[in-house]
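Below is one structure; the comments refer to it alone.
The values are calculated or read from the model by the stated rules, or taken from the named source; none is laboratory data. Being a predicted model, the structure only gives us computed values, none of them experimental. In this analysis, Cβ positions are derived from the backbone assuming ideal geometry, glycine residues included, and neighbour counts consider all displayed protein chains. Keep in mind that these areas ignore ligands, DNA and RNA; they rest on the heavy atoms of the full protein, side chains included. Shrake-Rupley method; radii C 1.70, N 1.55, O 1.52, S 1.80 Å.
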Amino acid sequence: MTDARTTIDVGSASAVHALEIWGGDAAGRVAALIGFALPPAGRTAGGGTLRAIRVEPLVWLLDGAALDPAAIEAVLGDDGALTAIGGGLVRVRIAGPDWRALLMADGVFDVEDPGFAPGCAAATIVAHVAVRLHVLDAETCEAFVPASFATGLVRGWSETARIATLLGAP
């Protein structure tokens with residue numbers, strides 16, 4: 001969906017895996033393997049072909065073409081788990097100067113806070129749906145949405161954006 005101020009693109013989240021770390025030096029071993037440290041809560045690390053998004057106290061989303069699940073599972077040993085979850089998620093990219101206002105229409109997390117900037121992530125509720133947000137740049141946010149709710153949520157965002165454009169408001 002595209003209007004004058006906002007673009008909403010729906011894509012696959014098939015490569016996404018949940019990385020859980022339970023103990024030991026698993027975080028250090030994974031970092032050595034992937035080439036960067038796992039980010040702290042509410043942040044992301046990496047880029048391009050592999051990124052880590054911290055969404056829960058002991059869970060990171062790993063996303064990208066350079067993800068090697070077998071290698072990560074090998075370095076985790078008994079100190080964690082890697083689970084493919086992309087089949088249950090839809091990736092929604094919301095871009096344009098009004099993406100923050102659009103997410104605030106039904107959200108409970110203050111995405112308008114300037115501290116929620118590129119490299120930040122949050123797990124929140126939008127229209128009663130658990131959504132994981134990742135700010136890509138000043139005008140783009142990526143949302144990981146449960147597949148079973150994606151059609152309705154995207155339809156709602158699209159309608160909100162359409163009405164805002166008709167009213168000349170963000």
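Name the single residue, out of those in the stretch 83-94 being surrounded by fewer than 18 Cβ atoms within 10 Å (Cβ to Cβ) and aliphatic (A, V, I, L, M), that is nearest to the chain's Cα centre (by Cα).
Restricting to residues being surrounded by fewer than 18 Cβ atoms within 10 Å (Cβ to Cβ) and aliphatic (A, V, I, L, M), the top hit is I85.
Which residues, counting only those in the stretch 19-49, are more than 28 Å from S158 (Cβ to Cβ) and assigned to a strand (DSSP E or B)?
L19, E20, I21, R43, A45, G46, G47, listed by residue number.
Among the numbered criteria (1) open to solvent by 50 Å² or more (accessible area, probe 1.4 Å); (2) farther than 22 Å from D137 by Cα; (3) under 18 Å from the mean Cα position of the chain (by Cα); (4) at pLDDT 95 or above, which single criterion is violated by A32?
That leaves (3) as the condition not met.
Quickly run through the stretch 102-122 and pick out the residues that are buried (at least 18 other Cβ atoms within 10 Å of the Cβ) and among the aliphatic types (A, V, I, L, M).
Correct list: L102, L103, V111, A121, A122.
Of all residues in the stretch 82-121, count the ones that are over 18 Å from S158 (Cβ atoms) and of a type outside the set (A, V, I, L, M).
Within the stretch 82-121, residues that are over 18 Å from S158 (Cβ atoms) and of a type outside the set (A, V, I, L, M) number 14.
So how many residues does the stretch 137-170 have that are more than 14 Å from T6 (Cα to Cα), of a type in the set (A, V, I, L, M) and crowded, with 17+ Cβ neighbours inside 10 Å?
Looking only at that region, the number is 4.
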